[in-house]
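Worksheet: the structure to be examined is printed underneath.
The values are calculated or read from the model by the stated rules, or taken from the named source; none is laboratory data. It should be emphasised that the depicted structure is a prediction, and the values quoted were computed from it without experimental measurement. Because the Cβ atoms are built from the backbone with ideal geometry, glycine has one as well, and the counts that use them run over all protein chains shown. Only protein heavy atoms, including side chains, enter the accessible area calculation; ligands, DNA and RNA are left aside. Shrake-Rupley method; radii C 1.70, N 1.55, O 1.52, S 1.80 Å.
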Amino acid sequence: MLIDRSGYEREGFAGIYDRYRPSPPAGLLDILALVAQTDRPRLVVDLGAGTGLSARAWAERAEQVVGVEANERMVEQARLGTEAPNVRYVNAFAAETGLGDGSADLVTCAQSFHWMEPAPVLAETARILRHGGVFAAYDYDVPPVVQPEVDAVFSEHEEARHSARARLSLEAGAARWHKRRHLDSIRASGRFRFAREIVCHGFDEADARRILGMAESFGGPRALFGGGAPEVEETVERLRETASSPDKAILPDPRQVKGDLQRASSRAAG
C-alpha cells in the first residue's frame, strides 16, 4: 500500500531515481568493512535495494551481493543497470529475504530503512547475519551542499512536496518511521551488541540538470499530485532558474556536490 501511495512504481520513475540519486561513497564502504573485520565480505545483503545504487557499489568489494527490493519496477531497473555477475536481486520484502541463517557479513539499508517496519526487519537481519556481522542503515542529507541559494530553493521545494502530500493524503515512505529514529529502533530491538551513528562525507558532481533530477526523484513523480499542487510546480521552476543562473556557476561546468552520509550500524549479537 505504501509503495502504491508513494508513486515510486509509476512508469519511468525508477529510471529517474537511478539516473540522479547518489551512490554511497567508497569511504563509507571502507568503514563498514573495517567494523565487520573483513577486507572482502563473503556476502552483502542490501535491503530496500531500489534500483541497485548501493548493491552495485559493493560489487568490487564483496564476493556476493544480494539486493532485496519489494517494488517490481525498481527491481527491473536494478537488473537492467547491473552488469556485475556477483550481484543479484530478489523481489521480496526486507523481512522475508529467504536467505540462510548466519550467511551475511553485512546487511545494509541505503536510504531505505524509513520505508520498513523496524521490528520484523531487524529480526530478519539478525537471523541472516553471522556472528560479528554488521547491520548499517545509511542515508544522505537533503539538500546536498552546493550553494546557499540553490540549497534554499531545494529545501523550499521539499517542503512544498511534504505539504502537498499531507493536504492530499498521499503518504510518503518516511511518514511512519523517520530517519532520526533509526538508531533508537536498532537499540530498542535488543538484537545487537552495540549501536552508534557515524557521519562521513561523499563528493559527487552535478549540473543544473542533476540538481533538478535529484529533486524530482524525492517523494515520487509530480504527476502523483494530479495537478492539485501548484506550489510544487512553482518551486520546481524557481529551482530551475536558480540552479541555471550564470552567477551561480553551476552551468555549464559540473560542480562538486558535497553531502553528509549518516550511518547507524549495529554488530550482531551472538
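Key figures
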quantity	calculated
Condition met for residue 61 (more than 20 Å from residue 22 (Cβ to Cβ), at pLDDT 95 or above and surrounded by 15 or more Cβ atoms within 10 Å (Cβ to Cβ))	no
Single match in 134, 35, 87, 142 (criterion: under 29 Å from residue 13 (Cα atoms) and touching a residue at least 40 places away in the same chain (Cβ under 8 Å))	142
Top-ranked residue of region 199-238 - restricted to ones that are open to solvent by 40 Å² or more (accessible area, probe 1.4 Å) and part of a strand (DSSP E or B), ranked as nearest to residue 27 (Cα to Cα)	201
Among the residues listed as 193, 127, 161, the single one being in a helix (DSSP H, G or I) and open to solvent by 60 Å² or more (accessible area, probe 1.4 Å)	127
Members of region 127-137 that are farther than 18 Å from residue 38 by Cβ and in contact with a Lys or Arg (Cβ under 8 Å, 6 or more places away or on another chain)	137
Tally of residues being within 27 Å of residue 207 (Cβ to Cβ) and either open to solvent by 20 Å² or more (accessible area, probe 1.4 Å) or part of a loop (DSSP other than H, G, I, E, B) (or both) across region 22-48	6
Conditions (1) farther than 26 Å from residue 181 by Cβ; (2) in a loop (DSSP other than H, G, I, E, B); (3) touching a Leu at 6+ places or on another chain (Cβ under 9 Å); number of the one not met by residue 98	(3)
Residue check, residue 86 open to solvent by 40 Å² or more (accessible area, probe 1.4 Å), within 28 Å of residue 36 (Cα to Cα) and modelled with pLDDT of 90 or more	no
